[in-house]
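Heads up, the thing below is written out as C-alpha cells.
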Amino acid sequence: MDNLRISIAHLYPQLLNLYGDTGNILTLMQRCGWRGIEVEFEQINTSGEIKDHDIYFIGGGQDKQQVEAAHELQFHKEFLTQQRDEGSVFLGICGGYQLLGHYYRPFDSGSLPGISLMDAYTVAGKKRFIGNVTAESDFLTPHTLVGFENHSGLTYLQGETEPLAITAVGSGNNGEDKTEGGRFKNVFGTYLHGPILPKNPHFADYLIELALEKRYGKKTALPALNDEIEWKTHASLVRKPY
Ligand code: GLN
C-alpha cells in the first residue's frame, strides 16, 4: 500500500495520557507501517496550533489535568467541529472521551466545557468503576471489545450519538444503561484503557480504514496481518457475564 499516508495528532499528551493510552498511537502507527502506509505524527501540547489531521487522539486523565485540557480545547472547538464534519477520525479515551461531549462536571468543581463533537454529557458519580470490561460492538467483527475501566464519571448519550458497544461485563458509560463509549460520525469515545487498540486490532484497523477514506475519498480494505498474538490476548480477556 505504498504511496498511501495518514496523519495523526496526539492532543495534550502531557496532560491526558493515563494507563499507557499512548499505546493506541503506537498501534495505529505500527499497523500502518506493516502495510507500507506512511504516518505523519504530531503531538499538540498546550497553546499549540491544531492543523488538519486524519486522526485525532486524546487520552485519559485525572480531573485536575482535564481542567487545563478543557480550557485549551475551547480555542479549537470550531476547527475540530469542522474537521469532524469533514470526516476526520477522533478517538477519545475516558477523560478525553468526556471532553468530546458537552461537559464533564466533577464532584468538587464546576462543569468543564467539552467541545460537543458528540451529543453526550458526563457528571461525576459517587462510585469509581474499576475493572475489566467486555462489550459487544455491532459494527466490528468479531463483535467483542475488551479493556480496563477506571472512572467515576457517568456519561449519558443523547440524540444521534450511538454507543460504541453494549457491556456484557463491566460498567461502561454509567453502570445503568449498559452502554459503553459513544460514536457520532467518525468520532469515537470509550472508557476502555489498556490501551484499547493493541488488544482490539479490528477496531484499530477500522479507524485506519476510516482515516484513509477521509483522506482519499474512497474505501480501502486493509490487507490482513498476522494477528495471532493480538487475538490470543483479546481472547484471554473476554469475560462472560456471570
Ligand atoms: N477523571 C475522569 C473520571 O474519573 C476520567 C478518568 C480517566 O481518564 N481514567 O471519570
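What FRET efficiency would be calculated for the residue pair Ser109, Ala221, taking the C-beta separation as r and a Förster radius of 41 Å, to the nearest 0.05?
Once the sixth-power term is evaluated, E becomes 0.35.
Taking 41 Å as R0, compute the FRET efficiency from the Cβ-Cβ separation of Asn132 and Lys77 and round it to 0.05.
0.75
So how compact is the stretch 148-233: Cα radius of gyration and Dmax in angstrom?
Cα radius of gyration and Dmax of the stretch 148-233 are 14.7, 40 Å respectively.
What is the set of long-range amide H partners of Ala168 at a cut-off below 5 Å, with H atoms built 1.01 Å from backbone N?
Amide H neighbours of Ala168, under 5 Å, 5+ apart: Thr134, Ala135, Glu136.
Explain nothing, just compute: Karplus ³J(HN,Hα) = 6.51 cos²θ - 1.76 cosθ + 1.60, θ = phi - 60°, for every residue of the stretch 53-66 in order, whole Hz, x for Gly and Pro.
With coefficients 6.51, -1.76 and 1.60, one gets 9, 7, 10, 10, 10, 9, x, x, x, 6, 3, 4, 6, 5 Hz.
Sorted by average packing, counted as other Cβ atoms within 10 angstrom per residue and highest first, what order do 150-162, 82-94, 29-41, 212-224 take?
Final packing ranking: 82-94, 150-162, 29-41, 212-224.
Taking a probe of 1.4 Å, how large is the accessible area per residue of the stretch 38-92, in Å²? Display every interim value, and only then the final one.
Values: 2550 Å² over 55 residues.
Result: 46 Å² per residue.
Using each residue's phi in the stretch 96-102, evaluate 6.51 cos²θ - 1.76 cosθ + 1.60 at θ = phi - 60° and report the 3J(HN,Hα) Karplus result to the nearest Hz, with x for Gly and Pro.
x, 4, 4, 7, 7, x, 6
Give a residue-ordered list of calculated ³J(HN,Hα) values for the stretch 71-88 (Karplus: 6.51 cos²θ - 1.76 cosθ + 1.60, θ = phi - 60°; whole Hz; x for Gly, Pro).
4, 4, 4, 4, 5, 10, 4, 5, 5, 5, 5, 5, 4, 4, 6, 8, x, 4
When the dipole is taken about the Cα centre of the chain, and only Lys, Arg (+1) and Asp, Glu (-1) are charged at their Cβ, what size is it in debye, to the nearest 20?
I would put it at about 480 debye.
Given H placed 1.01 Å from N in the peptide plane, which residues other than close sequence neighbours of Tyr103 have an amide H under 5 Å from its amide H?
Counting only residues 5 or more places away or on other chains, the set is Gly114, Thr122.
What's the magnitude of the charge dipole for the stretch 169-242 around its Cα centre, counting Lys and Arg as +1 and Asp and Glu as -1 at the beta-carbon? Answer in Debye, nearest 20.
180 debye
Roughly how many Å is it from the Cα centre of the stretch 140-169 to that of the stretch 63-123, as a whole number?
Answer, in whole Å: 17.
Could you list log10 I(q)/I(0) for the chain at q = 0.16, 0.17 Å⁻¹, which the Debye formula gives when each Cα is one point scatterer?
-1.13, -1.28
Just how large is the dipole of the stretch 99-242 about the Cα centre, in debye to the nearest 20, putting +1 at every Lys and Arg Cβ and -1 at every Asp and Glu Cβ?
Details: 15 positive and 16 negative charges, 42 e Å.
In total the dipole reaches around 200 debye.
Ignoring any ligand, DNA or RNA, what whole percent of the accessible area of the stretch 116-240 comes from carbon and sulfur when the probe is 1.4 angstrom?
So the carbon and sulfur contribution to the accessible surface is 54 percent.
In this model, which of Lys185/Lys219; Lys77/Lys199; Lys178/Lys199; Lys51/Lys77; Lys178/Lys240 are farther than 24 Å apart at the alpha-carbon?
In this structure, Lys77/Lys199 lie more than 24 Å apart at Cα.
Among Ile55, Gly175, Gln82, which residue has its Cα furthest toward the positive end of the charge dipole of the chain, with +1 on Lys/Arg Cβ and -1 on Asp/Glu Cβ?
Gly175
Can you show me the helix-derived [θ] at 222 nm for the chain, built from DSSP H runs with n ≥ 4 at -39,500 (n - 2.57) apiece and divided by the number of residues, rounded to the nearest 500.
Taking each H run of at least 4 residues, the total per residue is -8000 deg cm²/dmol.
Calculate, for the stretch 152-216, the solvent-accessible area per residue in square angstrom, rolling a 1.4 angstrom probe over the heavy atoms of the protein chains.
31 Å²
May I ask you to list the residues of the stretch 95-120 whose amide nitrogen lies under 20 Å from a point 7 Å from Cα along the Cα→beta-carbon direction of Glu68?
From the stretch 95-120, the list is 95-100, 104-115.
Check Ser152: other-chain or 5+ apart residues with amide H under 5 Å from its amide H, H built from backbone geometry?
Amide H neighbours of Ser152, under 5 Å, 5+ apart: Phe129.
The values are calculated or read from the model by the stated rules, or taken from the named source; none is laboratory data. Being a predicted model, the structure only gives us computed values, none of them experimental. Ideal geometry is used to build each Cβ from the backbone, glycine not excepted, and the neighbour counts take in all protein chains shown. When the accessible area is computed, the model is the full protein with side chains, heavy atoms only, and any ligands, DNA or RNA have been set aside. Shrake-Rupley method; radii C 1.70, N 1.55, O 1.52, S 1.80 Å.
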